[in-house]
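For reference, the structure discussed in these notes is given below.
The values are calculated or read from the model by the stated rules, or taken from the named source; none is laboratory data. No experiment lies behind these values; they were computed from the predicted model shown. FYI the Cβ positions are ideal-geometry reconstructions off the backbone, even for glycines, and counts take in every protein chain you see. Heavy atoms of the whole protein, side chains included, go into the accessibility calculation; ligands, DNA and RNA do not. Shrake-Rupley method; radii C 1.70, N 1.55, O 1.52, S 1.80 Å.
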Amino acid sequence: MKVIHGIKLKPGSREEELPGYSAEFPHIASFVELDKYAGKQAPWHWHKDVELFYMAQGEVTYYTPQGTKLFSAGMGGFVNSNTLHMTRAGESSRKVTSFLHLFDPVLISGQKGSAIEQKYVAPLTTASRIEIIGLYPGNPEHEPILEALRKSFEIQETDYAYELRLRSALSDMWCGLLKIAEKQEQGNKELSRISGKIKMMLLYIYEHYPEKITVRQVAEAAFISERECFRVFRDCLQTTPVEYLMNYRIQKACIMLEEGCETVTAIGQACGLGSSSYFGRIFRETMGMTPVEYRKQWRDSDIKRR
């Protein structure tokens, strides 16, 4: 099981990059420590694979274009294929950890076009309104799935018939999720269209954040007006295009401060945050400390973790 302290995005598509992922067995099990991510959050991203998670400690909020869902220890959830989402640790939570399955649904269906895919897999992965399903203790329909989810992370790669046992566990949980999804799905083409527009705008930001870019340029990337751009960001991402761009630049700066040796001036310019004085002021307002203090604090904590 991989221990994760951050995510990386693929160049071009900007989907999440999944290290160690194999087409022979398209699945990754991870232990995610969100409190150790830059800014204690995973930025907006998506992946073709579906995601099953079980909260171990703390609280986390999942954001999708449809809204937000709060999860705390003992809860779990399902994130659908290609769903745009971000996660943020609860402000009062010191430790925020979860167990995570990321896998291609073909692991269950066996092959594209099979009867299993048509009857049981595609109805869920193509459901336009099913972005995320919450699983909560105390709900009779959810509890068996939650217990199976918790136990599934006890299956070790060194166990006999690991692949078969894991596939069986995921398939059983899938049946329960499909029943829940059938009750929720009403069909909403507008939400699907908006999600596509958001991805186009975020892709533009991810590719051009070091440059001086305007809201108009972001809107044009999705072939919509500036007014529509502001509305979509407000309604779906609970922020503005300018605020999102600034937060993304700060996140990139955090990563550079953690992983590199560049000067504060160089990092500010590389992230599109200009001079060292302006970068320092914006960083301090956002993170509550200067870039130099952040780098020292991160490296001190990294030494302790080792």
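Descriptive notes on the structure:
- Length gained when the stretch residue 48-residue 281 is fully extended (0.36 nm per residue, less Cα-Cα span): 80.1 nm
- Stretched out straight at 0.36 nm per residue, the stretch from residue 172 to residue 212 would grow longer than its current Cα-Cα span by 9.4 nm.
- For the chain, excluding the exposed loop sites themselves (GluC sites (Glu not before Pro), DSSP loop, at most 12 other Cβ atoms within 10 Å), the longest remaining stretch covers 212-306.
- Computed E for residue 227/residue 247 - FRET, C-beta separation, R0 30 angstrom, nearest 0.05: 0.85
- Å³ per residue enclosed by the Cα convex hull of segment 202-306: 111
- You can think of it this way: the chain between residue 182 and residue 240 has 17.5 nm of extra reach, that is 0.36 nm per residue less the Cα-Cα gap.
- To put it simply, the accessible area of segment 90-134 at a 1.4 Å probe is 50 percent carbon and sulfur.
- Kirkwood Rh and Cα Rg combined as Rg/Rh, segment 110-180: 1.00
- Candidates 202, 100, 164, ranked by Gaussian network fluctuation over the chain, Cα under 10 Å, top entry: 164
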